Amino acid sequence: MTYALQFQGLTLGYDRHPAVHRLRGEIAEGSLTAIVGPNGAGKSTMLKGVIGTLRPLEGGIDFGGLTRSEIAYLPQQSDVDRSFPIVVADLVTMGLWREIGGFAGLRAAHHARVAEAIAAVGLEGFEKRPIGSLSGGQIQRALFARLLLQDARLVLLDEPFTAVDAKTMADLIGVVQRWHGEGRTVLAVLHDFDTVRDHFPRTMMLARELVAHGPTAQVLTAENQFRARQMCEACAGPPHTCGRNAA
Amino acid sequence: MIWEFLVQPFADYGFMRRALMGCIAISVGATPVGVFLMLRRMSLTGDAMAHAILPGAAVGYLIAGLSLGAMTIGGLIAGMTVALLAGFVTRVTALREDTSLAAFYLISLAVGVLIVSTRGSNVDLMRVLFGTVLALDDAALVLLSSITSVSVFALAVLFRPLVLECADPQFLRSVSGLSAMAHFTFLALVVLNLVAGFHALGTLMAVGIMILPAAAARFWAVGIGALIAVAVSVAMLSSLVGLLVSYHFSLPSGPAIILVAGLAYALSLVFGPVGGLAERVFPRRYLEA
């Protein structure tokens, strides 16, 4: 099986403090993987490393045949300025950036795809609504519609179901499973283990370092969870220098 | 009576016609940039940049006298230097852009005031700070119109990346390398328009025609296109009324124009249907869905 990502001793951090430490492992192409772990385990940091907004302190990532433009990313707290005067259709249309770039015009086919993406996330009738008038769940649906248009081979989701109601979550999980069915690789940071067990075949558990990675049932064990908590607590101790920065 | 008040000053005097044309050119060029400054919560950046261009304009003035080209090039160099240095410091250090910009513009302003006060006179300083819209000659008008035309064209080309940079900068960075380019080109447009504006209104007043109409438009329109259209209209009307007030009451023209724009802002603040005070006191019926 080919991999979409291979972590090669990846260390990521902030201000020299590692948040992900010497991570090794592979994410299989076309897999649907949940990233779990306690707060401060480095889950969001790992996604930032993949998308390239954080440069590794050590090690790296092999993207196989993936190019950066084939990766889509939905951050934990989207940077969308809700007071900016654009409507839902405009926000979703941004997902076509790789096709139309900064300057090309929109054709009828593009408008049709925007409408289709908006319908796929259950936001029909909201096309002309200013984004400032949407609820948290509705804005998340609009951001998923934008992801749909990005047509990415690797989709990174950072806590995508936080602060959304059960119906919205069910609809968005439907979108995630559609991506999985189309052979796309999906990595989602999640906290709710029931959601992970029900919908994510594979899981990677982090506690700054890799705790376990494999089929969800084998990873989400009480023993692994206990180990993850212990490892995170150990990380709270006084720092020391290591790696290539070591004296 | 109406003819005498509204039209005769422009019919009789070429300097009034040139002043009006200059102000209209600035309104068309600078105000859309002001709308984006406001939407990006960078309104005070315009003010900072207006101060930053002072030393360049002053050096241009001292080297070549009242040479339009020298002052323009000087202002552009000073403004862009401050914008680029502030951007560079923000990207490579822990300092945020507002602080680094404030630091550099204050240094730049101090240098500018020092140069003017040691080498020039108070009259020179007043000219640079407050402009001379009634003394615009044909060459100044051509330069000013050229700069604002370039600005409108560049803004049209840059429109989509700029909207995305404003609405969701993180997304733009994740899909494109245009983020930094959009940011710095936009800052260049701010500097360019301020330099165009300072010939007519002075470095301090130029930012007024950029920001006040944009702030007023926020109370009348919702979409970006509508905001720009309302803001440009307010700027043009303020220019016309300001020049007439200045002519009839013998007031300095730059401050008169900006004060009329300020009045437009105050009226919008009270009566504007999009979040104005009147709308708060007498809310409209809400929609069904």
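The values are calculated or read from the model by the stated rules, or taken from the named source; none is laboratory data. The shown structure was predicted, so the numbers you read here are calculated from the model rather than taken from an experiment. Using ideal geometry, Cβ is built from the backbone for each residue, glycine included, and neighbour counts are taken over all protein chains shown. In case anyone asks, the SASA skips ligands and DNA or RNA and just uses the protein heavy atoms, side chains included. Shrake-Rupley method; radii C 1.70, N 1.55, O 1.52, S 1.80 Å.
Worth pointing out:
- Taking a point 7 Å from the Cα of residue A:227 along the Cα-to-Cβ direction, the residues of region A:31-48 with backbone N closer than 16 Å to it are A:36-38.
- Counting only protein chain heavy atoms and rolling a 1.4 Å probe, the accessible areas of A:233, A:159 rank, largest first, as A:233, A:159.
- Kirkwood radius and radius of gyration were both taken over the C-alpha atoms of the protein assembly as shown, and their ratio Rg/Rh is 1.07.
- When a 1.4 Å probe is rolled over the protein heavy atoms, the share of accessible surface on region A:3-208 that falls to carbon and sulfur comes to 49 percent.
- Cβ crowding within 10 Å averaged over residues, with B:190-199, A:113-122, A:90-99 ranked highest first: B:190-199, A:90-99, A:113-122
- Note, ³J(HN,Hα) from phi for region A:171-185, Karplus 6.51, -1.76, 1.60, rounded to Hz, x at Gly and Pro: 5, 6, 5, x, 5, 4, 6, 5, 4, 4, x, 7, x, 7, 8
- Rolling a 1.4 Å probe across all protein chains gives residue A:48 an accessible area of roughly 60 Å².
- Each peptide in B:275-281, A:31-37, B:25-31 gets a packing score, the mean of other Cβ atoms within 10 Å over its residues, and the list from highest to lowest is B:25-31, A:31-37, B:275-281.
- With Cα atoms defining each centre, region A:183-204 and region A:100-128 are spaced 28 Å apart in the structure.
- Value at 222 nm in deg cm²/dmol, rounded to 500, when DSSP H runs of n ≥ 4 in chain A each add -39,500 (n - 2.57): -10500 deg cm²/dmol
- Mean residue ellipticity (222 nm) of chain B, computed from DSSP H runs ≥ 4 via -39,500 (n - 2.57), nearest 500: -27500 deg cm²/dmol
- For residue A:206, the residues whose amide H sits under 5 Å from its own are A:36, A:37, A:211, ignoring neighbours fewer than 5 places away on the same chain, with H placed 1.01 Å from N.
- At least 30 Å² accessible surface lost relative to isolated chain, residues of region A:80-97 (1.4 Å probe): A:81, A:83, A:84, A:85, A:94, A:97
- Residue-normalised accessible area of region B:8-270, given per residue in Å² at a 1.4 Å probe: 39 Å²
- The Cα trace of region A:93-242 gives Rg and Dmax of 19.0, 59 Å, the first to one decimal, the second as a whole number.
- Stretch gain in nm, segment residue B:118-residue B:277, where the contour uses 0.36 nm per residue and the Cα spacing is subtracted: 52.4 nm
- Antiparallel bridge percentage (DSSP; both residues within the protein assembly as shown; nearest 5): 55 percent
- Looking at chain A, the accessible area is 46 square angstrom per residue; that uses a 1.4 Å probe and ignores ligands, DNA and RNA.
- Computed 3J(HN,Hα) for region B:108-113, one whole-Hz value per residue from the Karplus formula 6.51 cos²θ - 1.76 cosθ + 1.60 where θ = phi - 60°, is 4, 5, 4, 4, x, 5, glycine and proline marked x.
- For chain B, modelled as a GNM whose springs connect Cα atoms under 10 angstrom apart, the maximal fluctuation among B:176, B:246, B:146 occurs at B:176.
- FRET efficiency estimate (nearest 0.05) - Cβ-Cβ, residue A:110 to residue A:15, R0 30 angstrom: 0.10
- Projected-area average for region A:3-208 over all orientations - Cα convex hull basis, square nanometres: 11.8 nm²
- Estimated FRET transfer efficiency when R0 is 56 angstrom, pair residue B:245-residue A:133 (beta carbons, to 0.05): 0.90
- Highest-MSF residue in chain A out of A:208, A:22, A:129 [GNM, Cα springs under 10 Å]: A:129
- For region A:3-208, DSSP calls about 45 percent of its internal beta bridges antiparallel.
- Computed from the Cβ-Cβ distance with R0 of 35 Å, the FRET efficiency linking residue A:165 to residue A:100 stands at 0.60.
- Distance from the C-alpha centroid of region B:240-255 to that of region B:55-86: 28 Å, rounded to the whole angstrom.
- Here's how it looks for residue A:57: its modeled amide H is under 5 Å from those of A:11, A:12, A:13, which are all 5 or more places away or on a different chain.
- Those residues of region A:163-182 whose amide nitrogen sits under 15 Å from the label point placed on residue A:82, 7 Å along Cα→Cβ: A:163-165
- For the chain pair A and B, the buried solvent-accessible surface (1.4 Å probe, both sides summed) amounts to about 2200 Å².
- Computed from the Kirkwood radius of its Cα pairs, the Stokes-Einstein diffusion coefficient for chain B at 37 °C and 0.692 mPa s stands at 168 µm²/s.
- Distance between region B:193-228 and region A:30-64 - C-alpha centres, whole angstrom: 44 Å
- Heavy-atom accessible area for residue A:182, with the other protein chains in place and a 1.4 Å probe, reaches approximately 90 Å².
- Taking all protein chains as they are arranged and a probe of 1.4 Å, the heavy atoms of residue A:82 leave approximately 90 Å² accessible to solvent.
- Hz values of 3J(HN,Hα) by residue in region B:169-175 - Karplus curve (6.51, -1.76, 1.60), Gly and Pro given as x: x, 4, 5, 4, 5, 7, 10
- Stretchable slack from residue B:153 to residue B:95, in nm (0.36 nm times residue separation minus alpha-carbon distance): 17.6 nm
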